[in-house]
Amino acid sequence: METLSFIRKQGAGIGEVFDDLASLRITVFRDFPYLYEGSVTYEKSYLQTYARADKAFLFAVYDGPVMVGATTCIPLADETAEVRQPFETAGMDLNTIFYFGESILLKAYRGLGLGHRFFDEREGHARSFGTYTTTCFCAVDRGGNHPAQPAGYRPNDAFWLKRGYRKVPALQSTFDWPDIGETHSTPKPMIYWMRPLTP
């Protein structure tokens, strides 16, 4: 831990580390359950959503010059239509909800408590505005028997439950991306988790 450094970026400032964040996302999301065949071009387009939102936030971990972990969040009202849609359909007030994007770490840096730090940083950022009452994120649903699921795989559900989040199966989106080895995107079901943002 003594070799690690931390940065925080907000809004347009997130664009300053697009290259580092894009590379990290491609590396981490290549593993199950995302199996993401990523490209830097797509990543930079995706990340523009965060750079355009004044209240969007990035907390990142570096080991020397290398970004080894990162997490982001953004007001739900500033997210893309596919993220907002299930909440709008359910009649929820988007202006009270903060959406948590990725929370990613290279394998060598897991088990150091950084996962909890990522949630603390994002929840603290959302809380700082004094107007948000709920936080949420989504996770891909690959089912229980996916052929690429590694032996001994454990989902993050227990960790998320410990953080006070609850899965809301009624809230689902569909995201498209190419799986490893694919050249075209295919739809993936995403299920949301939510928790009240306590003072």
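The values are calculated or read from the model by the stated rules, or taken from the named source; none is laboratory data. Predicted, not measured: the structure shown is a model, and the values here were computed from it. Backbone-built Cβ (ideal geometry, glycine too); neighbour counts: all protein chains shown. Remember, those area values only see protein heavy atoms, side chains included, never the ligands or the DNA or RNA. Shrake-Rupley method; radii C 1.70, N 1.55, O 1.52, S 1.80 Å.
So what J values fall out for the range 185-196 if you push phi through Karplus, 6.51 cos²θ - 1.76 cosθ + 1.60 with θ = phi - 60°, rounded to Hz, Gly and Pro as x?
My calculation for the range 185-196 gives 7, 10, x, 10, x, 10, 10, 8, 10, 9, 7, x Hz in order.
If I build a Gaussian network model for the chain, linking alpha-carbon pairs within less than 10 angstrom, which residue out of R30, R163, R154 has the largest mean-square fluctuation?
Top of the fluctuation ranking is R154.
At what distance in angstrom do the alpha carbon centres of the range 123-190 and the range 1-54 lie from each other?
If we compute the Cα centre of each part, the gap is 17 Å.
Taking the simple approach of a point 7 Å from Cα along Cα-to-Cβ for both D141 and M1, what is their distance in nm?
Output for this residue pair reads 3.7 nm.
Ignoring ligands, DNA and RNA, what percent of the accessible area of the range 30-149 is carbon or sulfur (1.4 Å)? Working shown, then result.
Details: 2600 of 5250 Å².
With neighbouring chains kept in place, the figure for the range 30-149 is 49 percent.
Evaluate the relative contact order of the chain (contact order divided by residue number), counting alpha-carbon pairs under 8 angstrom at least 6 apart; express in whole percent. Intermediate values should be presented prior to the final figure.
On the way: 330 pairs, mean separation 41.9, N = 199.
21 percent.
7 Å from Cα along Cα→Cβ at both T174 and A81: what's the point-to-point distance in nm?
Label at T174, label at A81, 1.4 nm between them.
If the cut-off is 19 Å between C-alpha atoms, which lysines fall inside it for K9, apart from same-chain ones fewer than 8 positions away?
Within the straight-line limit of under 19 Å, K9 reaches these lysines: K44, K55.
Show me, for the range 121-136, the HN-Hα J-couplings you get by feeding each phi into the Karplus relation (A = 6.51, B = -1.76, C = 1.60, θ = phi - 60°), rounded to Hz, glycine and proline as x.
5, 5, 5, x, 5, 4, 5, 5, 7, x, 10, 9, 10, 9, 10, 8
What is the gain in length, in nm to one decimal, between K44 and V66 on full extension, counting 0.36 nm per residue of separation less the C-alpha to C-alpha distance? Before the final figure, lay out the partial values.
Values: separation 22, 0.36 × 22 = 7.92 nm, distance 1.80 nm.
Between K44 and V66, full extension yields an extra 6.1 nm.
As a test of the formula, what do you get for the chain when each DSSP H run with n ≥ 4 contributes -39,500 (n - 2.57) and the sum is divided by the residue count, at 222 nm and rounded to the nearest 500 deg cm²/dmol? Each step should come with its number before you reach the end.
On the way: 5 runs with 52 residues, N = 199.
The helix-only estimate for the chain comes to -8000 deg cm²/dmol at 222 nm.
Which of the three applies to the range 67-199, rounded, prolate or oblate, going by the alpha-carbon gyration tensor with a ≥ b ≥ c and a/c under 1.5 meaning rounded? If you can, show how the numbers build up before the last one.
On the way: a/c = 1.75, a/b = 1.21, b/c = 1.45.
Verdict is oblate for the range 67-199.
What are the ³J(HN,Hα) values, in whole Hz, obtained from phi via the Karplus relation 6.51 cos²θ - 1.76 cosθ + 1.60 with θ = phi - 60°, for each residue of the range 102-107 in sequence order, with x given for Gly and Pro?
Karplus values, whole Hz, x for Gly and Pro: 5, 9, 10, 9, 5, 4.
Given R₀ = 22 Å, FRET efficiency for Q149-Y109 by Cβ-Cβ distance, to 0.05? Spell out each step's value before the answer.
On the way: r = 23 Å, r/R0 = 1.05.
About 0.45, to the nearest 0.05.
Please give, to one decimal in nm, the separation of the simple spin-label points placed at T198 and N156, each 7 Å out from Cα toward the Cβ.
2.1 nm
Any idea what the relative contact order of the range 29-85 is, in percent, if you count C-alpha pairs under 8 Å spaced at least 6 apart? The partial results should precede the final answer.
Numbers: 43 pairs, mean separation 13.1, N = 57.
Over the range 29-85, the number comes to 23 percent.
Leaving out same-chain residues fewer than 8 places away, which lysines sit with a Cα under 24 Å from that of K167?
Leaving aside lysines fewer than 8 places away in the same chain, those within reach of K167 are K188.
Tell me, what is the per residue accessible area of the range 45-199 in Å², probe radius 1.4 Å?
49 Å²
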